[in-house]
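This report refers to the structure that appears directly beneath it.
The values are calculated or read from the model by the stated rules, or taken from the named source; none is laboratory data. Nothing here was measured: the structure is a model prediction, and the numbers come from that model. No Cβ is skipped: glycine too gets one built from the backbone with ideal geometry, and neighbour counts run over all protein chains shown. Note: accessible area is taken over every heavy atom of the protein model, side chains too, but ligands, DNA and RNA are not part of it. Shrake-Rupley method; radii C 1.70, N 1.55, O 1.52, S 1.80 Å.
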Amino acid sequence: QVQLVESGGGLVQPGGSLRLSCAASHNVFTIYTMAWYRQTPGNQRELVATITINGSTNYAEAVKGRFTISRVNAKNTMYLQMNSLKPEDTAVYYCRLGGTRIWGQGTQVTVSS
C-alpha cells in the first residue's frame, strides 16, 4: 500500500514562508491527482490545493496567490510552498492520495509572532 510522509512544518512569523514536502512510497503522481488539506482543532479538514496528473493546479480562495503546489515525479515528492503566511494558516497540513483514504500523518504549521 502507498504511504505518504509529510515534512517541513514548524513555527514561522506572520509574513514568513515554509515549504512542506509529501514523499510517496510509490510512483503515484502519474496515476492520481494529489492534494494538500489542513485541519484546525474542532474543524473538518479543508482542501487547500490540488495538482492533477497533467500538472493542472487548483487552490482554495484563502490561499490563492500565496501558496504553490508542485511535484517532482522522479522523486515521488509533492510540495506546498507557502508564502506571506498568516496566523489563520495555522493548522495541521496533510497530503492525500487522490480521493482515496490514504493520507499522510500530518505536519504542524504554526504562524505566530
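Expressed as a whole percentage, what fraction of the accessible surface of the chain belongs to carbon and sulfur atoms when a 1.4 Å probe is rolled over the protein heavy atoms?
47
How compact is the chain by the rule of thumb for globular proteins, expressed as Cα Rg over 2.2 N^0.38 Å?
Here the Cα radius of gyration is 0.99 times the empirical estimate.
With labels modelled as points extended 7 Å from the Cα through the Cβ direction, what inter-label distance (nm, one decimal) is found for ARG19 paired with THR68?
Roughly 1.0 nm, to one decimal.
Amide H neighbours of ILE53 under 5 Å, counting only residues 5+ apart in sequence or on other chains, H built in-plane at 1.01 Å?
THR33
For region 30-41, take each phi angle, set θ = phi - 60°, evaluate the Karplus expression 6.51 cos²θ - 1.76 cosθ + 1.60, and give the result in whole Hz per residue in order, putting x for glycine and proline.
Per-residue couplings from phi come out as 8, 10, 10, 5, 10, 9, 10, 10, 9, 9, 10, x Hz.
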